[in-house]
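**Student:** One structure is given below, represented as structure tokens, and several questions about it will come after.
The values are calculated or read from the model by the stated rules, or taken from the named source; none is laboratory data. Just so we're clear, the structure is a prediction, and the values are computed from it rather than from any experiment. So basically every Cβ, Gly included, is an ideal-geometry build from the backbone, and we count neighbours across all protein chains shown. Surface areas here come from the heavy atoms of the whole protein model, side chains and all, with no ligands, DNA or RNA. Shrake-Rupley method; radii C 1.70, N 1.55, O 1.52, S 1.80 Å.
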Amino acid sequence: MSKYDTVKQLGVFLIKQKKFWLIPIVIVLILLTFLVVFAENSVIAPFVYTLF
């Protein structure tokens, strides 16, 4: 099972169970994860960590 299968299963579950209100929460969590991971070793890291 790959990483993308888990995301696909989550999407199918949310649509099948009509949990549309959870979709924006999941998107925000994914974006914050990418922000922290990609800003970890960059020049903007001190500015990102001041947000949290």
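**Student:** Whole number in Å², please: accessible area per residue of the chain, 1.4 Å probe, ligands, DNA and RNA not counted.
**Tutor:** The answer is 93 Å² per residue.
**Student:** Can you give the FRET efficiency to the nearest 0.05 for residue 32 and residue 7, using r as the Cβ-Cβ distance and R₀ = 22 Å?
**Tutor:** The formula returns an efficiency of 0.90 here.
**Student:** When you take every Cα atom in the chain, what is the radius of gyration, and what is Dmax, the widest Cα pair distance, in Å?
**Tutor:** Computed over the Cα atoms of the chain, radius of gyration and Dmax are 14.6, 42 Å.
**Student:** Taking all protein chains as present, what is the carbon and sulfur share of the accessible area of the chain, in % to the nearest whole number, probe 1.4 Å?
**Tutor:** Result for the chain: 74 percent of the exposed heavy-atom area is carbon or sulfur.
**Student:** Now, a different point. Karplus couplings for the range 6-11 from phi (6.51 cos²θ - 1.76 cosθ + 1.60, θ = phi - 60°), rounded to Hz, Gly and Pro as x?
**Tutor:** 5, 5, 5, 5, 5, x
**Student:** Also, I was wondering about something else. Taking 0.36 nm per residue of separation and subtracting the Cα-Cα distance, what length does fully extending residue 47 through residue 17 add?
**Tutor:** 6.9 nm
**Student:** If you add up the charges near residue 30, with Lys and Arg at +1 and Asp and Glu at -1, over every other residue whose beta carbon is less than 15 angstrom from its beta carbon, what do you get?
**Tutor:** Net of charged neighbours comes to +2.
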